[in-house]
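Have a look at the structure below before the remarks.
The values are calculated or read from the model by the stated rules, or taken from the named source; none is laboratory data. As the structure is a prediction and not an experimental result, all values here were calculated from the model. Cβ: placed from backbone, ideal geometry, glycine included. Neighbour counts: every protein chain shown. These accessible areas exclude ligands, DNA and RNA; they are computed on the full protein's heavy atoms, side chains included. Shrake-Rupley method; radii C 1.70, N 1.55, O 1.52, S 1.80 Å.
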Amino acid sequence: SDHMENIYGYLMKYTNLVTGWQYRFFVLNNDAGLLEYFVNEQSRHLKPRGTLQLAGAVISPSDEDSHTFTVNAASGEQYKLRATDAKERQHWVSRLQICTQHHTEAIGKNNPPLKSRSFSLASQGSANSPGVQRRPSQNAVSFFNVGHHRLSTGKRVPIMQPDHLVDVREMMSQAEGQQRDLIRSIECLPVSGHLTSLDQDLLMLKATSMATMNCLNDCFHILQLQHASQQKGSLPAGTTISWLEPKISLSNHFKNGAAQNFPAEVNKPASVREEQCIAEPCQLTREPEEINPDEELEDIGDDKEDDLGAVEEQRSVILHLLSQLKLGMDLTRVVLPTFILEKRSLLEMYADFMSHPDLFIAITNGTTPEERMVRFVEYYLTSFHEGRKGAIAKKPYNPIIGEVFHCSWRMPKSDVAADAGSNFSAHSPSEQVTLSKHLEGQPEPDYYTVKFVAEQVSHHPPVSGFYAECVERKMCVNAHVWTKSKFLGMSIGVAMVGEGLLSLLEHGEEYTFSLPCAYARSILTVPWVELGGKVNINCAKTGYSASINFHTKPFYGGKLHRVTGEVKQNLTNTVVCRVQGEWNSVLEFTYGNGETKYVDLTKLTVTRKRVRPLEKQGAFESRRLWQHVTESLRVGDIDKATEHKRALEERQRSEERLRAETETPWCTKYFLKEGDGWVYHKPLWKTVSAAQTQQTDTN
């Protein structure tokens, strides 16, 4: 093939946490199927500094930026590389993928199926080989103490049939149990003294044993696949291979102590704890609770986050966590250290995006479709600043399934921007009575009320639904978000997968929108947050759309937190507004008529949300659910916060196991599944439609 050519050139290679990125000279050897690198071009005649076999490798362009890509070898070794630009990255990726495919297919053709092979432990080295010259304690079989016969060196292993695979699965299950006990024993050691849980050798032992078990599971799955192919021949399209699932889910046990079955309350009998686990979910199947905004009080708590303190003191904990992660690894099931947590749930963080209700309500007051789209963009871009608490990147609590958060805002009508000609009483008097629910004879309040509710509707994957409405202005927003987090080396990326829908019922308009990705940078020093990615806002009825780009800081130079965007009319392709600036500082809006407006986000008035006191909240409302964790963090007692957090997570796991055993589906409280999304059970558009139907019937 013309594309099977040897290519070479300089790329940046991520070396380690200390030295970071370094230029290296890379050579793609297509004939041998190797990717080699040297310190520089002049040393090309010497032995390569590193070599990767490309057969069976995976070449992955990174979503971190347009220059980075990774080469994941079948051996488990990985190169993280960065080209000078997107074009050069594409050139390398395409050539590497062609070479990888060629050599992978060659291996498949040249190797016989599993049934014609036989294996011998002698092939792994003689008694004199370095691989065998180890202490007895390093032998894997003796280490895990698996109670099965050992195979003597030189004996042929019989061809394994599916029933033998079951035996192997049993052996691996026992090994997994032993490894889990090992992890627990290490983590139960004190944090100070002669032998601690943070001892470097023990941390290495944890990481090595975890990697070994993961590798064994991967190999076992390959054997299962080969047997399935051998028995069925070429699999017809649509055939599903049923794996022999492990009795102990490996992924649930090797996540920084996530699988430690420490009792939530040691002093309580197991029967009491079990009753609690069984009784709690039943409370969520009741009818949704109608929250009276008059019971909510203005939130007067100090919601600012403290600094992380001396990150150096926690470096060993962070390094321990990083030792268990791989680039691109999904962090959904990873338990992160408690000291990096914010003192609020993710559901409450979504509510804080509504901290400028005056700008939200003002959207529907626009006199033209163009003005309403521009106002929505202004509101959208001002919402992220208040959603972040402080400059330091901290992580909100992962919501427990069934967790809910309620709050509201009261906005004086005089503070909401209006336009001449805007009709504040567009709905009929009968609708006003039906929607506002004020008793006859009572004066209408001089403020608008925006109500908010959020619920964690799924645990795996973690999906949250949230809904806000202003009944008086006949507008509401419904959204669902799936947070997908990945480990990116020195950063953590969180993709906010989902969609939001803003409904302006007075105008019959619906605006769909998405959310940007978030990145926690410099996680080993002083972590900070930036947003990245392109989001779109569309209104199908009016033909107006907006495209907004959140720019991540380039590797060299550039500004932080930069955002650009434009609003245009799709039919005429006319740009009616452009925006640029920083999403956490100053935004500049330039309109089609030449006017320019500056918005300083740091000076915008923040309206405090109103929340019910803890004693009036339900057991699964965020603040009451996490109150002990929050209080422990507030006083700086990290150990106590970790204990309370672990108890909540263990209860959630116990309830999940119980539902799986009894085949009981999870019942949400406020949101219903519709297609791929989640919709509030009683959205305003249904209420308004019912009121209009009732009015029509009356007439």
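Is one or more of the residues making up region 212-230 farther than 27 Å from residue 77 by Cβ, open to solvent by 60 Å² or more (accessible area, probe 1.4 Å) and modelled with pLDDT of 50 or more? Yes, region 212-230 contains at least one residue that is farther than 27 Å from residue 77 by Cβ, open to solvent by 60 Å² or more (accessible area, probe 1.4 Å) and modelled with pLDDT of 50 or more. Scanning region 614-623 for residues that are open to solvent by 20 Å² or more (accessible area, probe 1.4 Å), closer than 14 Å to residue 400 by Cβ and in a helix (DSSP H, G or I) gives a single hit, 623.
Could you grab me the full set of residues in region 401-418 that are hydrophobic (A, V, I, L, M, F, W, C), assigned to a loop (DSSP other than H, G, I, E, B) and modelled with pLDDT of 90 or more? Matches in region 401-418: 401 only. Within region 624-674, the residues that satisfy the criterion of being in contact with a strand residue (DSSP E or B) (Cβ under 6 Å, 6 or more places away or on another chain) and in a helix (DSSP H, G or I) are 630, 633. Would you mind stating whether residue 69 is under 22 Å from residue 485 (Cα atoms) and modelled with pLDDT of 85 or more? Yes; evaluated as a whole, the condition is true for this residue. Taking the criterion of being in contact with a helix residue (DSSP H, G or I) (Cβ under 8 Å, 6 or more places away or on another chain) and buried (at least 21 other Cβ atoms within 10 Å of the Cβ), the residues of region 367-377 that qualify are 372, 376. Contact map, region 595-613: residues that are surrounded by fewer than 11 Cβ atoms within 10 Å (Cβ to Cβ) paired with residues that are β-branched (Val, Ile, Thr), Cβ distance under 9 Å, separation 6+ or inter-chain. Pairs shown: 596/590; 598/586; 600/586; 602/586.
Here 597, 669, 568 are screened, and the one residue that is of a type outside the set (Ser, Thr, Tyr), modelled with pLDDT of 90 or more and under 24 Å from the mean Cα position of the chain (by Cα) is 669. Here residue 195 does not qualify as open to solvent by less than 70 Å² (accessible area, probe 1.4 Å) and either modelled with pLDDT under 80 or outside the structural domain of residue 638 (by the TED database) (or both).
Only one of the numbered conditions (1) more than 24 Å from residue 688 (Cα to Cα); (2) modelled with pLDDT of 85 or more; (3) assigned to a loop (DSSP other than H, G, I, E, B) is violated by residue 390, and that is (2).
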